[in-house]
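**Q** What follows is a structure written as structure tokens; I'll ask about it next.
The values are calculated or read from the model by the stated rules, or taken from the named source; none is laboratory data. Just so it is clear, the structure is predicted and the values come from calculations on it, not from any experiment. Neighbour counts run over all protein chains shown; Cβ positions are idealised from the backbone, glycine included. Areas reflect the complete protein model, heavy atoms only, side chains present, ligands, DNA and RNA absent. Shrake-Rupley method; radii C 1.70, N 1.55, O 1.52, S 1.80 Å.
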Amino acid sequence: MSKLVNNINSEYLAVSKLFSHPKRKGTEKVFVYVEGYEDIAFWRNIFRMYESERLQFEISIPSRDDLAKGKKVLLGMLPNCGKNMILCMDSDFDYLFQNETAQSCTVNNSEFIFQTYVYSIENYLCYPPSLRGTCVRATKNDTFIFDFEQFMADYSRTIYPVFLWYVYSAVCKKENFFTLNDFRNTVKIHYLDIKNNGADTITWLNRQVVRRVQKLEEKYPRWKQAVKEYGVKLKKLGVTSGNVYYYMHGHTLLDNVVIVLVQTVCELLKVMSINYIRGSNRSGVALTNELSNYKNSLRDPEQVLLDNDEYQGSELFARLKSDIDKFLDKYFKLQQADE
């Protein structure tokens, strides 16, 4: 571990705030360390809701002289944490593993660690009820042509059997028999046939999943029942066949599923808008200007998706927020005791 990190702890940060020129005298500052640069905006969006004249937050990656970052680096900082220094990280599978591994035990039981509960922040960005709004912001067309929530529920039910195999292989530390790449290649979609709300795409995907599960059951028959029983255990944690998108590998969901959906729907909405403009009574310069104005208003669907913050309506986000609420309640009580 870097000497720079070893010399930083909650008490040091509590004292250093005296020299950090807070907005007002008496303002407390909590230093929040996250896994990487891409996480800073996500956690800032959460903690800004709690800022006041009395309490401020500063989100950053670990201060190391070797620039290393990531979850294991954060966990190495845990002994130095306290009310002025906390850690925020993706759950990955640690929430699902509960106390079955040393790392999951640490993540699930430390008062100074806040986890996403979904696999990663990317899963929040893909929150199904928010995807229609993403397309509207990108295309400026609110026509309802695709039910994202229904499709994602169908998608989840379809991949659920293979998801169980992948999670079980991870908790048993047998990822080599079913690698992340194998899982990604099984559950990704290459296209969206929008007819019947993507029914043909789901049918194609189901064939991929069935083949993969059959191969796994043939190769590892003794694990078939154990995988099924593990599914029962996960159900107690809220994992069902209809909400796998919360708990699967986040970048696989974002890059190989949801971006495909959003881009396909956005292209159709743009074509609809352009055809509508061309079918109007405008002609000549007026028509050209109208088309130009519309095209200039368009945004890249992927970028809009990355800026999505409508996940705050999800149940798991509410659980994350509740953890922060409890910590801050205790934090203020501790501060009053200090005073």
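**Q** May I have the pair-distance distribution P(r) for the range 134-199, computed from all Cα-Cα distances with 10 Å bins from 0 and rounded to whole percent?
**A** 17, 37, 26, 16, 4
**Q** If you place +1 on the Cβ of every Lys and Arg and -1 on the Cβ of every Asp and Glu, how big does the dipole about the Cα centre of the range 126-225 come out, in debye to the nearest 20? Please list the in-between numbers first.
**A** Details: 16 positive and 10 negative charges, 84 e Å.
Around 400 debye, computed over the range 126-225.
**Q** Here is a further query. Looking at the P(r) of the range 217-328, how many percent of alpha-carbon pairs lie beyond 22 Å? Walk me through the numbers on the way to the answer.
**A** Details: 3816 of 6216 pairs.
That fraction is 61 percent.
**Q** Also, quick follow-up: Principal axis extents for the range 276-321, Cα atoms only, whole Å, descending order, please.
**A** Here the Cα extents, ordered largest to smallest, are 56, 18, 12 Å.
**Q** Please list K236, K173 from largest to smallest accessible area, probe radius 1.4 Å, with all protein chains kept in place. Let's see the in-between values first.
**A** On the way: K236 170, K173 145 Å².
My answer, sorted largest first, is K236, K173.
**Q** Protein chains only, probe 1.4 Å: how do I202, I40 rank by accessible area, largest first? The partial results should precede the final answer.
**A** Numbers: I202 25, I40 50 Å².
So the residues, ranked largest to smallest area, are I40, I202.
**Q** Amide H to amide H under 5 Å from G242: which residues, 5+ apart in sequence or cross-chain, H placed 1.01 Å off N in plane?
**A** Here nothing satisfies the definition.
**Q** Right, another one. Which pairs, out of K72/K174; K71/K219; K174/K321; K173/K219; K140/K195, put more than 25 Å between their alpha-carbon atoms? Can you show the working numbers first?
**A** Numbers: K72/K174 20 Å; K71/K219 33 Å; K174/K321 33 Å; K173/K219 17 Å; K140/K195 22 Å.
Pairs exceeding 25 Å: K71/K219; K174/K321.
**Q** Would you pull out the residues with amide H under 5 Å of I59's amide H, same chain only if 5 or more places away, H placed 1.01 Å from N?
**A** Close amide H contacts, sequence-distant or interchain: V32.
**Q** Still on this structure, I have one more. Across 20 Å bins from 0, what is the distribution of all Cα-Cα pair distances for the chain, in whole percents?
**A** So the P(r) values, bin by bin, are 27, 48, 23, 2.
**Q** Follow-up question, since we're still on this one. Given a cut-off of 25 Å, what percent of all Cα-Cα pairs of the range 76-185 lie beyond it? Provide the component values of the computation, followed by the final result.
**A** Details: 2472 of 5995 pairs.
Roughly 41 percent, once rounded to a whole number.
**Q** Related question: Would you list, by chain and number, the aspartates and glutamates whose Cα falls below 16 Å from the Cα of K188, excluding same-chain residues fewer than 8 positions away?
**A** Straight-line reach from K188, under 16 Å: E122, D154, D200, D255.
**Q** What are the chymotrypsin sites (Phe, Trp or Tyr not before Pro) within the range 106-206 that DSSP puts in a loop, where the Cβ has at most 10 other Cβ atoms within 10 Å?
**A** Numbers: sites: F112, F114, Y117, Y119, Y124, F144, F146, F148, F151, Y155, F163, W165, Y166, Y168, F177, F178, F183, Y191, W204; in loops: F112, Y117, Y119, F144, F146, F178, Y191.
Listed in order of number, the matching sites are F144.
**Q** Still on this structure: With +1 on the Cβ of every Lys and Arg and -1 on the Cβ of every Asp and Glu, and nothing else charged, how large is the dipole of the chain about its Cα centre, in debye rounded to the nearest 20?
**A** On the way: 44 positive and 41 negative charges, 82 e Å.
For this selection, approximately 400 debye.
**Q** Averaging over every viewing direction, what projected area does the convex hull of the Cα atoms of the range 112-164 cover, in nm²?
**A** 5.3
**Q** On to the next question. Which GluC sites (Glu not before Pro) from the range 81-157 combine a DSSP loop assignment with at most 15 other Cβ atoms within 10 Å?
**A** Working: sites: E100, E111, E122, E149; in loops: E100, E111.
Of the GluC sites (Glu not before Pro), the ones in loops of the range 81-157 whose Cβ has at most 15 other Cβ atoms within 10 Å are E100, E111.
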